[in-house]
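K.L.:
Quick one: the structure is below, and I'll ask about it shortly.
The values are calculated or read from the model by the stated rules, or taken from the named source; none is laboratory data. Since the structure is predicted, the reported quantities are computational estimates derived from the model, not experimental observations. Cβ atoms come from the backbone with ideal geometry, glycine included; neighbour counts cover every protein chain shown. Quick note on the areas: whole protein, heavy atoms, side chains included, nothing else; ligands and nucleic acids left out. Shrake-Rupley method; radii C 1.70, N 1.55, O 1.52, S 1.80 Å.
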Amino acid sequence: MGSQIWTQGFCFRLCFFCLCFSFGSVRSQTKVAVGDAEPEGTVFIDGKAAVGEIDDDFICATLDWWPPEKCDYGKCSWDHASLLNLNLNDDLFLNAVKAFSPLKIRLGGTLQDKVIYRTEDNKEPCIPFVKNSSELFGFSQGCLPMNRWDELNAFFKKSGAKIIFGLNALNGRTINPDSSAVGPWNYTNAESLIRYTVNKNYPIHGWELGNELSGNGVGVRVTADQYASDTIALNNIVQSVYKYINPKPLVIGPGGFFDAGWFKEYIDKSAKSLDVATHHIYNLGPGAIPVVKFGVDEHLVEKILNPDYLDGEASTFSNLHGVVKSSTSSVIAWVGEAGGAYNSGHNLVSNAFVYSFWYLDQLGMASAYDTKTYCRQSLIGGNYGLLNTTTFVPNPDYYSALLWHRLMGRNALSTSFAGTKKIRSYTHCAKQSKGITMLLINLDNTTTVQAKVAFNSSWTLQHKRKHHRKTIIRLPRGSITGIVREEYHLTAKDGNLHSQTMLLNGNILSVDSSGNIPHLQPVHVNSTGPVIVAPFSVVFVHMPDVVLPACR
C-alpha cells in the first residue's frame, strides 16, 4: 500500500519519481528477438490538477439516416444501417449497446436536414428517401413515421442508451444559388415531434439543431446570427414543452465544422440558450484517393501513423476551448461527429485495427482540451462503424471504446512522453476505482519500448487551510513486493494492421454464439519494472496504488 508523507510549510517537487514495474507473462507477447535492445522512455504525468474533465458517458456513437443507395467511390457500404431500416431485434446489437451502460447515441447526419416527422400535425405523405443526384445531398426529402420512432425508443429504453436527436434545421428556409440558406427556421414540425416525444415519456438527453451548416457549410450554410436566433427558438420550445419536467434536455448546436469567427458569434449571440457547442472532425481527408495498393489506401494509413499529422488537430481543440472559455455563457464543447475519413471511411482501414491508433489518440486529445463528449461516426454503418454493418460483430474500435469507457475517469492529466515521438501517451484518473489509468499507443512497427513513469509536478504536501486541516498525499512505494497493476495490451491478429480481429493480451476478442460481448480481462503485473509497449500496439495500464491530488 502507499505510504503517507507529511510536511509543513514548504513545497516538495517530485521530479522523475519513477514507478518501477515489471511486465511478467505479457512480455513474451512482444516477440522481441533475443539480444534486441529495447529503447527506454519516460511518461511524465502532472498529478497536481486536471487539465480537462470529461463526462462519465464521454463515449458516444452515431446512428445515421443514409439508405442502402448511399455509395462512395463505387462502393455502397451502408446496407440496412439507417435509423429507418436497422434491425432493432438483433441480440448482438442490443448487447453491444448495453455493454456501455450507458452509451450516448447521436441520431443525425447529412440527411437529417431533409427529414420530416409524420406527427398528427403533419399530413404530408410519409415518403422514404429516394436517390436523386439533382437534389441537395443527392437524395429527396425523407420521412420519420411515428411508429418507427416508437420502435427506436423501445430499443433505447431496453439498451439503456442516452439519446441526442438531430433536428431538421433547413425546414422553411430558401436556399440560394450560392448555397446560402436564408430565412428563419420553421420549427413547427420539430416542435410537434418534441411534444409527441414528451407525451410518450421518451427520455431525450439533448435536442441538436442542424448538421454541418456552420461556417462555409457542407452543401449549404446558415449565418451565425440566424443560427443563434433559431437556437434561441429551440430553447424556448424545450423550456415550454418540458416546463414541468426536470432535468430538461440539453439544447445543442451547431453540429458543424469549426470556424473560429462563426462559432464565436454563434455562441455569443445564443446567449444562455445553448448548452453544448458541437463540432465535427474528419481530419484524415477522403476515405479513398487515387493511389490504392491492394484495395487499401496506404496514404490514409500513413497519416494515422504520423504523430505530426495527428498533432495537427490539436489546434482545433485548443481554439474551440478558447472560444468556449471566453464566452459569458456556461456552454461546453462536444465532438458531435467524428469519422476521421469522410465519405463513409475506407474498408479495411476505418473498420480495422489500425484505426484504433487514430481513434484513441483523438479521445485522449479531446479530453485534454476539456471536451465533455466524443461521438464516433458511426455505431453501425459505412466503413467506420464500431460494429460490422451486416453482422453486428464488433470491429476493433468497439473494444477500444469499451476499454476507454470502463477505465478512463473524468479527470484528464497533463501527460507527455520522452524517448520517441512514436509513443502517444494520455493519463486519466481511474474510473470508479482508485489510482490512475494510462494509455500508451505505439505507432512504430519495429520498436518495443520500455516505458517508465515519472511525476514531474510540484505541490504542497501539507499546507494550512481553514481550520488548519492537513492535505495528505499518498504515493506508491515501488520497492514493496506484491503491488500489482492491471494491463490491457491490444494488438492486431497476425500483426496485420488491416485485420478486423483484435487481440487482448494475446487472446482473440470475439462474441459467443449467443451474441454476448466478451469479458475484457487484464493481466496482473508485479510493479517492479517498466511497461513494455510492443510495436503497433495499444496499452491501457491501471495503477490503483498511485494516488495523486488531481484524483482525490
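K.L.:
Please verify whether region 285-305 includes one or more residues that are closer than 22 Å to Asp55 by Cα and not in a loop (DSSP other than H, G, I, E, B).
P.N.:
No, region 285-305 has no match at all.
K.L.:
Answer yes or no as to whether Ile164 is out of contact with any Ser or Thr (no Cβ under 6 Å at 6 or more places or on another chain) and open to solvent by 20 Å² or more (accessible area, probe 1.4 Å).
P.N.:
No.
K.L.:
Would you check which residues across region 324-336 are of a type outside the set (A, V, I, L, M, F, W, C) and open to solvent by 10 Å² or more (accessible area, probe 1.4 Å) and list them?
P.N.:
Those that are of a type outside the set (A, V, I, L, M, F, W, C) and open to solvent by 10 Å² or more (accessible area, probe 1.4 Å): Lys325, Ser326, Ser327, Thr328, Ser329, Ser330.
K.L.:
Return yes when Asp113 is buried (at least 21 other Cβ atoms within 10 Å of the Cβ) and at pLDDT 95 or above and no when it is not.
P.N.:
So Asp113 passes the test.
K.L.:
Of these, Lys248, Lys243, which one is touching a helix residue (DSSP H, G or I) at 6+ places or on another chain (Cβ under 7 Å), charged (D, E, K, R), surrounded by fewer than 18 Cβ atoms within 10 Å (Cβ to Cβ) and without any contact (Cβ under 8 Å) to a residue 24 or more places away in the chain?
P.N.:
Lys248
K.L.:
Still on this structure, I have one more. Restricting attention to region 366-383, which residues are open to solvent by less than 10 Å² (accessible area, probe 1.4 Å) and under 25 Å from Leu250 (Cβ atoms)?
P.N.:
Ala366, Ser367, Thr371, Thr373, Tyr374, Cys375, Arg376, Gln377, Ser378, Leu379, Ile380, Gly381
K.L.:
Still on this structure, please answer the following. For region 392-487, list the strands (runs of 3 or more DSSP E) that sit wholly inside it and hold at least 1 residues that are modelled with pLDDT of 50 or more, closer than 22 Å to Gly529 by Cα and open to solvent by 10 Å² or more (accessible area, probe 1.4 Å); which are they?
P.N.:
Per the criteria, 408-418, 423-430, 449-455.
K.L.:
If a residue has to be open to solvent by 30 Å² or more (accessible area, probe 1.4 Å) and among the β-branched types (Val, Ile, Thr) to count, how many in region 94-110 make the cut?
P.N.:
1
K.L.:
Can you name every residue in region 499-552 that is in contact with a strand residue (DSSP E or B) (Cβ under 6 Å, 6 or more places away or on another chain) and aromatic (Phe, Trp, Tyr)?
P.N.:
Phe540
K.L.:
Moving on. Among the residues of region 74-88, is there at least one that is in contact with a helix residue (DSSP H, G or I) (Cβ under 9 Å, 6 or more places away or on another chain) and over 13 Å from Gly381 (Cα atoms)?
P.N.:
So far as region 74-88 goes, yes, one or more of its residues are in contact with a helix residue (DSSP H, G or I) (Cβ under 9 Å, 6 or more places away or on another chain) and over 13 Å from Gly381 (Cα atoms).
K.L.:
Out of Asp225, Asp259, report the one residue that is surrounded by fewer than 22 Cβ atoms within 10 Å (Cβ to Cβ), among the acidic types (Asp, Glu) and touching a Ser or Thr at 6+ places or on another chain (Cβ under 8 Å).
P.N.:
Going through Asp225, Asp259 in turn, just one is surrounded by fewer than 22 Cβ atoms within 10 Å (Cβ to Cβ), among the acidic types (Asp, Glu) and touching a Ser or Thr at 6+ places or on another chain (Cβ under 8 Å): Asp259.
K.L.:
Quick one: which residue in Leu348, Leu310, Leu360, Leu320 is open to solvent by 20 Å² or more (accessible area, probe 1.4 Å) and either in a helix (DSSP H, G or I) or touching a residue at least 24 places away in the same chain (Cβ under 8 Å) (or both)?
P.N.:
Leu348
K.L.:
Let me ask you something else. Considering only region 155-188, how many residues are part of a helix (DSSP H, G or I), of a type in the set (Lys, Arg) and within 17 Å of Leu209 (Cα to Cα)?
P.N.:
So the count comes out to 0.
K.L.:
Would you please list the contacts, defined by Cβ atoms under 8 Å and residues six or more apart or on different chains, that run from a residue in region 90-107 that is within 12 Å of Tyr398 (Cβ to Cβ) to a residue that is at pLDDT 95 or above and of a type in the set (D, E, K, R)?
P.N.:
Here the result reads Phe100/Asp57; Leu103/Asp57; Leu103/Lys162, each pair linking region 90-107 to a residue that is at pLDDT 95 or above and of a type in the set (D, E, K, R).
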